[in-house]
Amino acid sequence: MTINFDKEKQELTRRNFVSLAGWSFLGAGILGSAGLFGRFFVPNVRYGPPSKFSIGKPQNYPDGAQQTFVDQKVSVIRHGEKIGAISLVCKHLGCTVAPSSTGYDCPCHGSKYDAIGQVTHGPAQANLDWFGVSLLPSGDLQVDKSEIEPVESYYIVK
Amino acid sequence: MSVQTTDPKEDPPKHEPKASAWQRLNRAVYRQAPEVFDNVKQLAYNLYKSIFRTTAFPKTERERSEAFFNSFLLHIQPAKIDKHALKFNYTFGLGLISFYLFLLLTVSGILLMFFYVPSVEQAYNRMLDLRSAVSYGMILRGIHFWSANCMIGAVFFHMCRVFYTGAYKPPREFNWVIGVLLFVLTLILGFTGYLLPWDQLAFWAITVGANIAGKADYVSDHLALIPGVPNFHLGIIMKNMLLGGDTVGQEGLIRFYVLHVALLPTVLFFLIVIHFWRIRKDGGISSPKESPE
């Protein structure tokens, strides 16, 4: 393959070779730096609400209670001694589901979930996430949204 | 040691080393369509020619000229130029240095815009995050800061060079005027950019600057001497127009931000284009031959 595409002068002199090699090294260096610079666009810090948040004392939630934390997109439910935290982010394409008489309905594409977040109607294919609930030393309950758990992963109030 | 028992001439003809898959594919393609190779070569040639038009290695005077006016980046330069114009210590390259700094400022500024938020609640924290949390954020901020300072210096020294070589004289007098506008725009860009970090230095610098504008009542004071003209404070009007209020706040920040990232750079860019175009139209850079001793 000839690097010089000039049809009349199909020759690669030493001078041209050295020139091309130099420019190639420079170009490779610039492209490499530009590639490494992609790291700039990776978000190193997040500005959203923290993934761990307190939801208050267990006695604030009577049996059968269902309370929505809008900012955190979490629904806290209590059945007897069991307290659970259900994500309100639809597993289809991420809209926020709304509590309804049958459980949770998604306003975007009509997905439906039952009262414990199991999918009952598409297009969603998966159940709503449940989040880990733990007791803080202060006696408050804490929901950790980075701790994703299967359906009916309750915290048992002692 | 093995002993050769038979005459090598009587060996069955040795096979060529087995062709690689790539070579076999090439042969297969060539058997089917020999013109494919020529077409691919022609395509590469056409592609190169469609982009570059001229040879990569100009040898004759004509080819060297063509390389200049067929290249977008080089066509700004004249194909022929006086020898004195290439002497470094005639221009010190200050005009192009200013231009390159402007390009650097544009690129680094656009990148900084990815993380900066022009709000009084967030601006300062975003600036701190750029320094500490964003990858390459500190070097970008440094590039933007130092390029801005150097650009003001470069433009100023460019102006000095133009003055001392008499390049402001006819027929280049209008280009001098554009150059003065470019210098003022550079200063205003520096001033507007100074507020954006939203720290104490920025806040009080802009407070002082806006109040200096607020004191400039000379014109309105003298207009008020004319009978029938109402007494008004031009300075206060200018200050309020600049800040969008009485003090430096959210209104002022967003005004300075829009001026700094959108309006002023656009105006500056078009003036630079006219500035460059006028250099060629006014007969290239000035020459000692033009002024009789």
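Looking at segment B:42-74 only, could you name the residues that are over 26 Å from the mean Cα position of the chain (by Cα), surrounded by 14 or more Cβ atoms within 10 Å (Cβ to Cβ) and of a type in the set (D, E, K, R)?
B:K49, B:E63
Would you confirm, using the coordinates I've provided, whether A:S54 is facing chain B (nearest Cβ under 9 Å) and at pLDDT below 90?
no
Going residue by residue through segment B:13-25, is there one that turns out to be under 30 Å from B:L268 (Cβ atoms) and in a helix (DSSP H, G or I)?
no
Is it true that B:T192 is within 18 Å of B:I236 (Cα to Cα) and of a type in the set (S, T, Y)?
Criteria not met by B:T192.
Report, by residue number, each residue of segment B:234-289 that is of a type in the set (D, E, K, R), in a helix (DSSP H, G or I) and surrounded by fewer than 19 Cβ atoms within 10 Å (Cβ to Cβ).
The answer is B:E251, B:R278, B:R280, B:K281, B:K289.
Here are some residues: B:N46, B:N39. Which one is within 11 Å of chain A (Cβ to nearest Cβ) and farther than 30 Å from B:D282 by Cα?
B:N46
Kindly evaluate A:H121 against the criterion of being assigned by TED's automatic domain parsing to the domain that holds A:K57 and over 17 Å from A:V157 (Cβ atoms).
yes
When you look at B:M151, is it part of a helix (DSSP H, G or I), within 14 Å of chain A (Cβ to nearest Cβ) and in contact with a helix residue (DSSP H, G or I) (Cβ under 8 Å, 6 or more places away or on another chain), yes or no?
no
Only residues that are without any contact (Cβ under 8 Å) to a residue 24 or more places away in the chain, under 19 Å from B:Q250 (Cα atoms) and either surrounded by 17 or more Cβ atoms within 10 Å (Cβ to Cβ) or of a type in the set (V, I, T) (or both): list them for segment B:195-228, please.
Result: B:A202, B:V208, B:G209.
Mind checking whether some residue in segment B:133-145 is part of a loop (DSSP other than H, G, I, E, B), among the small types (G, A, S) and more than 23 Å from B:G252 (Cα to Cα)?
Looking for residues that are part of a loop (DSSP other than H, G, I, E, B), among the small types (G, A, S) and more than 23 Å from B:G252 (Cα to Cα), one finds at least one in segment B:133-145, hence yes.
Only one of these conditions is not met by B:T91: (1) touching a residue at least 60 places away in the same chain (Cβ under 8 Å); (2) under 20 Å from B:L263 (Cβ atoms). Which number is it?
(2) is the only condition that B:T91 fails.
Show me the strands (runs of 3 or more DSSP E) found entirely inside segment A:98-158 where at least 3 residues are within 21 Å of the chain's Cα centre (by Cα).
Passing ranges, in order: A:130-135, A:141-149.
Would you mind telling me which numbered condition in (1) touching a residue at least 12 places away in the same chain (Cβ under 8 Å); (2) part of a helix (DSSP H, G or I); (3) within 13 Å of chain A (Cβ to nearest Cβ) B:F115 fails?
(2)
Within segment B:65-94, how many residues are within 14 Å of chain A (Cβ to nearest Cβ) and part of a helix (DSSP H, G or I)?
Number of matching residues: 2.
State yes or no: is B:I97 part of a loop (DSSP other than H, G, I, E, B) and in contact (Cβ under 8 Å) with a residue 24 or more places away in the chain?
no
Across segment A:31-45, what is the number of residues that are part of a helix (DSSP H, G or I), within 13 Å of another protein chain (Cβ to nearest Cβ) and surrounded by 10 or more Cβ atoms within 10 Å (Cβ to Cβ)?
Residues in segment A:31-45 being part of a helix (DSSP H, G or I), within 13 Å of another protein chain (Cβ to nearest Cβ) and surrounded by 10 or more Cβ atoms within 10 Å (Cβ to Cβ): 6 in total.
The values are calculated or read from the model by the stated rules, or taken from the named source; none is laboratory data. Model, not experiment: these values are computed from the prediction. FYI the Cβ positions are ideal-geometry reconstructions off the backbone, even for glycines, and counts take in every protein chain you see.
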